[in-house]
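A short write-up of the structure that comes next.
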Amino acid sequence: MKKNQVSVQLTIEGAGCASCVGKIESALKATAGVSNAQMNFADRTVIVTGTAPVELLIGAVESAGYNAKHIDSSDFDEVLDEKEAAERDYYKKLVRHTVIALLLGFPLMVYGLFIGEMNVETPIERVSWGAVGLLTFAVMLASGKHFYVGAWRGLLNHTANMDTLIAIGTGAAWLYSMAVVLLPNAFPDMARHVYFEATAMIIGLINLGLALELKARGKTSAAIKRLIGLQPKTAIVVRDNQDVEIAIAQVLQNDIVKIKPGQKIPVDGIVVEGSTSVDESMLTGEPMPVEKNVNDEVVAGTLNKTGSCLFKATRIGKDTALSQIIAMVKQAQNSKPPIGRLADVIASVFVPVVMIIAILSALVWLNVGPEPTIAFALISATTVLIIACPCALGLATPMSVMVGVGKAAELGVLIKNGQGLQTAAKVTAMLLDKTGTITEGQPKVTDIILTSDLSKTAVLQLAASLENGSEHPLAHAIVESAQAQAISLLPIEGFEAVTGLGVKANCQGKSLLLGNAKLMNDCGVEFKAQVSQVSALAKQAKTAMYLAVDHQLVALIAVADPIKSDSLAAISRLQEKGIRTIMLTGDNAETAQAVAEQVGITEFLADVMPQDKADKVAQLQRQGEVVGMTGDGINDAPALALADVGFAIGTGTDVAIESADIALMRGSLHGLVDAIEISQATLSNIKQNLFGAFVYNTAGIPIAAGILYPYFGLLLSPIVAGAAMAFSSVTVVSNANRLRLFKVKTQA
């Protein structure tokens with residue numbers, strides 16, 4: 001998104017069909033200042049990116065024939081409550097419409113099937129059916145008014161949608177029937193049939209289908225509700241040395257917040273006093289509580305387990321990590337994978353095509369059909385119009401995306417866009433950065449091998465004192481190791497860092513050297529007896545340093561970046577899926593090979609620079625691979641951006657997360673495999689939905705047009721078509737909800 005551009009979310013009213021999606025998006029994209037508009041038909045919301053004011057956007061939607069309302073994303077809880085209340089009211093209204101229509105339509109249908117004829121032959125029948133016709137008209141207004149209003153709006157905007165099909169279908173049936181009642185002699189005897197029951201039943205059944213779909217759709221936002229539910233309503237802050245419980249919205253940045261055992265953390269912050277353990281599983285998927293001490297970060301929505309502590313609020317309101325995650329999930333649920341955009345295109349042209357087919361069908365029946373041709377023409381045209389509505393087609397993708405993205409969020413996988421969701425399912429080659437992805441990313445001292453009478457504690461004290469002034473990652477590992485053992489550091493004089501070799505200084509009148517073989521060689525220290533030990537350590541992916549005192553070698557200190565405990569199992573899961581796995585690292589070949597062997601990777605690239613990683617991505621893409629890249633560092637950003645799908649380890653840098661398509665909130669590579677499995681399950685679900693919708697429409701239209709009549713005497717009733725159309729949407733929504741039961745494969 002360009003600078004100064006913002007994303008605005010609108011709820012849309014009156015969009016009854018997938019073909020509305022293209023019209024609304026087109027109207028918004030044609031508005032000055034709008035760079036993109038993406039509508040989620042399942043959720044009836046649209047996200048607009050650009051600089052156009054909200055009033056202009058709402059006006060654009062209204063000019064297209066729909067109503068829009070702005071959603072203020074700063075308060076998800078309130079927005080969701082309002083949306084749920086509106087949906088509850090709409091659901092009740094749909095049920096009421098259904099009952100009213102079926103109370104008339106069902107008895108009429110039973111009468112026509114089992115009791116009597118629905119023909120107009122006598123004056124009494126004219127009066128009786130005329131009264132029924134007026135009653136049907138009242139039902140059309142009471143229960144079907146929204147269809148006719150929608151169709152009229154579409155007409156004014158020179159467009160057609162689901163409402164158009166229903167309005168034309170039911171309107172034609174009613175008008176024909178009333179014409180028979182008013183002018184029976186104008187029709188042949190066999191054509192004096194009324195279809196009031198069809199009108200009422202179609203309106204009732206489609207309202208019922210919409211109500212069931214709405215009920216099922218409500219379940220798809222469960223993930224968002226759970227995320228919102230993580231944030232407590234109040235917080236205890238320390239003001240004027242007093243504990244004050246205030247609403248979460250009143251917490252200010254830099255407030256000192258008190259947290260007690262069993263409480264949820266209200267805002268993001270840094271611990272300033274005390275220690276505790278925090279359950280972050282709802283955000284990261286990681287089941288084990290995390291210890292929090294002074295200077296550690298705590299995140300809003302996570303659960304404090306055992307201890308009490310004070311922390312300083314650093315991020316509040318919509319800036320908290322939880323709020324940003326909710327916004328990210330919400331945005332991803334609105335985004336469309338490429339397969340969804342194809343469905344939208346098809347849906348947008350479906351309605352006009354169907355209307356043409358209905359007209360052609362009627363013409364065929366009128367010209368070559370049996371008597372009464374006009375009745376058969378009416379039935380076939382009406383049935384085609386009703387059964388062909390592409391509602392299920394429009395729901396097929398967004399429903400699956402909503403559920404899939406929400407399910408992923410529950411597992412600590414943040415899918416940032418529909419493109420990433422779809423592409424992750426197709427990855428054939430996965431590049432894995434070593435440091436911080438396969439390994440912990442924090443080197444630790446692993447071995448101290450003595451070559452003198454000094455103790456290991458004394459060696460560590462000298463080495464840590466010497467390295468205390470260095471910024472090198474290996475130096476941090478040595479100092480942290482000394483601090484962990486409560487070893488005090490000694491004063492150092494004449495510190496000098498020798499680039500690429502090591503460090504030297506004086507301590508308590510002795511000269512100290514710590515570095516590699518070249519430094520020892522340059523300073524005349526004898527070390528050849530330890531060369532084989534250093535080589536053996538290197539084969540274990542450990543970096544060995546020589547420590548010399550007064551030019552006498554006293555010890556070898558080995559530092560290594562430990563491999564994460566579950567990297568081997570996660571990589572095995574990845575390889576079991578047939579995905580080519582390649583490790584990238586800036587380390588030398590010997591260390592790279594040692595790490596690769598330990599995690600079961602046979603293909604690796606050592607001594608790589610950031611651009612080398614991007615080049616490797618491009619090379620694999622040229623070979624026809626669908627490339628995934630997983631990393632955590634700034635140096636991974638170019639490769640993450642270039643890859644077909646980028647996976648950022650959530651414990652990494654913001655730059656890496658920003659560059660990736662999918663962020664893994666926990667540091668484990670199991671999250672990567674989980675993301676791929678969720679992606680595959682979601683894509684499979686989308687295909688099932690699309691297949692069902694396409695089959696339904698493509699098979700339904702010829703049958704509705706009467707293709708089976710010459711062979712089997714079968715002509716579909718408009719009532720059956722209305723029921724089938726309504727329940728096809730319910731089927732799609734129900735299938736999408738199956739994803740809520742998705743479970744990742746067992747983690748070894």
Exercise for the section: Only helical DSSP H runs with n ≥ 4 go in: add -39500 (n - 2.57) per run for the chain, normalise by residue count and round the 222 nm mean residue ellipticity to 500 deg cm²/dmol. Expected result: -16500 deg cm²/dmol
Exercise for the section: Give the carbon-plus-sulfur fraction of the accessible surface of the range 96-178 in %, rounded to a whole number; probe 1.4 Å, heavy atoms of protein chains only. Expected result: 76
Handout entry: Protection-proxy order for peptides 160-173, 297-310, each taking the mean of Cβ atoms within 10 Å per residue, highest first
Key = 160-173, 297-310
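Once the mean 1/r over all distinct Cα pairs of the range 28-134 is inverted, what Kirkwood radius in angstroms do you read off? Could the numbers behind the result be given before it?
Values: mean 1/r = 0.0543 Å⁻¹.
One decimal place: 18.4 Å for the Kirkwood radius.
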Practice task
Determine ³J(HN,Hα), in whole Hz, for all residues of the range 552-569 in sequence, where each value follows from phi through the Karplus function 6.51 cos²θ - 1.76 cosθ + 1.60 and θ = phi - 60°; x replaces Gly and Pro.
Solution key: 10, 5, 10, 5, 10, 10, 9, 10, 9, 8, x, 6, 4, 4, 10, 5, 4, 5
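Below 8 Å, C-alpha to C-alpha, sequence gap of six or more: please give me the relative contact order for the chain in percent.
Values: 1513 pairs, mean separation 101.0, N = 748.
Normalised by residue count, the contact order of the chain is 14 percent.
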Exercise for the section: With N set to the residue count of the range 117-254, report its C-alpha Rg divided by 2.2 N^0.38 Å to two decimal places. Expected result: 1.94
Fill in the blank from the handout: Counting only protein heavy atoms and rolling a 1.4 Å probe, one gets per residue an accessible area for the chain in Å² of 43
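Quick one: of Lys215/Lys407; Lys330/Lys407; Lys305/Lys330, which pairs are farther than 22 Å apart, Cα to Cα?
Working: Lys215/Lys407 19 Å; Lys330/Lys407 12 Å; Lys305/Lys330 29 Å.
In this structure, Lys305/Lys330 lie more than 22 Å apart at Cα.
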Practice task
List every residue whose amide H lies under 5 Å from the amide H of Tyr195, counting only residues 5 or more places away in sequence or on a different chain, with H placed 1.01 Å from N in the peptide plane.
Solution key: Ser177
Handout entry: Cα long-axis angle, helix 610-622 against the chain (0 to 90 degrees, to the nearest 10)
Key = 40
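Can you send over the carbon and sulfur percentage of the accessible area for the range 369-412, probe radius 1.4 Å, protein chains only?
Working: 450 of 650 Å².
For the range 369-412, the apolar C and S fraction of the accessible surface comes to 70 percent.
How many percent of DSSP beta bridges within the chain run antiparallel, rounded to 5?
Once the DSSP bridges in the chain are tallied, antiparallel ones form about 80 percent.
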Completion exercise
Taking protein heavy atoms only, a 1.4 Å probe, and rounding to whole percent, the accessible area of the range 512-596 owed to carbon and sulfur comes out at 49
Fill in the blank from the handout: XL table Lys336/Lys616; Lys336/Lys687; Lys318/Lys426; Lys564/Lys745; Lys318/Lys743; Lys456/Lys564; Cα-Cα > 23 Å flagged, in table order, is Lys336/Lys616; Lys318/Lys426; Lys318/Lys743; Lys456/Lys564
Completion exercise
For the chain, the dipole about the Cα centre with charges only on Cβ (Lys and Arg +1, Asp and Glu -1), to the nearest 20 debye, works out at 1660
Fill in the blank from the handout: Restricting to aspartates and glutamates and to Cα separations under 19 Å from Lys577, and discarding same-chain partners fewer than 8 apart, the set is Asp566, Glu603, Glu625, Asp644, Asp674, Glu677
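The values are calculated or read from the model by the stated rules, or taken from the named source; none is laboratory data. This one's a predicted model, so the numbers in the text were calculated from it and none came from an experiment. Glycine also receives a Cβ, built like all others from the backbone with ideal geometry; neighbour counts cover every protein chain displayed. Protein only, heavy atoms only, side chains kept; ligands, DNA and RNA dropped before computing areas. Shrake-Rupley method; radii C 1.70, N 1.55, O 1.52, S 1.80 Å.
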